[in-house]
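K.L.:
My structure is below; once you've seen it, I'll send some questions.
The values are calculated or read from the model by the stated rules, or taken from the named source; none is laboratory data. Given the structure is predicted, the values throughout are model-derived calculations rather than measurements. A quick note on method: Cβ atoms are made from the backbone with ideal geometry, for glycine too, and the neighbour counts reach across all protein chains shown. With ligands, DNA and RNA removed, areas are computed over all heavy atoms of the protein, side chains included. Shrake-Rupley method; radii C 1.70, N 1.55, O 1.52, S 1.80 Å.
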Amino acid sequence: MLLALGILQRAAALVTSRRVEVVGMSMYPTLAPGEYVLCDRFAYRRHAPRRGDVVLARGLAGGGETVVKRVAAVPGDRVELDDGVLVVNGVAARESALSEACGSWSLGEDEWFLLGDAMEFSTDSRKFGPVPRRAIEARAWLVCWPLARWRRLDGEGRDD
């Protein structure tokens with residue numbers, strides 16, 4: 001029964017997903033330029049975006065373009081960047097080649113902090129600040145093109 005429900009859920013996600021081309025190096029090595037990703041527009045109807053999810057967001061920094069980024073922190077989290085080390089709630093999460101990257105943010109009840117996996121190539125929440133939930137449109141879940149790199153993104157970097 002649970003297996004059938006899981007298959008049905010994935011089939012629905014496949015039909016309702018939005019296909020997005022990855023442009024630029026900001027999510028490398030998770031996503032490479034020229035790859036196409038399916039983004040589930042209904043993924044967050046039952047729960048909010050989680051730390052580690054790869055998401056499609058729109059309208060950041062005053063622009064209308066869509067970007068693909070990773071959720072680094074969720075509402076209520078404390079984020080610090082100190083000499084390129086990302087620290088979330090006092091725990092070092094990852095390092096960047098950007099040793100000069102510094103800053104700190106305390107996220108409100110409707111704020112998510114989005115980062116590119118390759119922070120040295122990414123324009124993200126370090127520049128435009130935390131983003132509201134309404135800016136997060138979908139969860140990226142499948143690399144569908146090119147076929148040789150077909151793979152699921154579920155669970156990569158998530159802490160749930």
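K.L.:
Keeping all protein chains in place and using 1.4 angstrom, which order do PHE42, PHE113, PHE128, PHE121 fall into by accessible surface area, from largest down?
P.N.:
Final ranking, largest accessible area leading: PHE121, PHE42, PHE128, PHE113.
K.L.:
Further question on the same structure: Test of understanding: express the Cα radius of gyration of segment 19-91 as a ratio to 2.2 N^0.38 Å, with N the residue count.
P.N.:
1.23
K.L.:
Between ALA43 and residues 5 or more places away or on another chain, which pairs have amide H atoms under 5 Å apart, with H built 1.01 Å from N, and which residues are they?
P.N.:
ARG139
K.L.:
Right, here's the next one. Leaving ligands and nucleic acids out of the surface, order THR66, THR123, THR30 by accessible area at 1.4 Å, largest first.
P.N.:
In descending accessible area the options line up as THR123, THR66, THR30.
K.L.:
Next question. Along each of its three principal axes, how wide is the spread of alpha-carbon positions in segment 30-150, in whole angstrom units, largest first?
P.N.:
Taking the Cα atoms of segment 30-150, the three principal extents are 39, 31, 27 Å.
K.L.:
Any idea how far apart LYS127 and VAL91 come out in nm if each label point goes 7 Å out from Cα toward Cβ?
P.N.:
Distance between label points: 3.0 nm.
K.L.:
Follow-up question, since we're still on this one. Just how much of MET25 is accessible, in Å², when a 1.4 Å probe is used and the result is rounded to the nearest 10?
P.N.:
70
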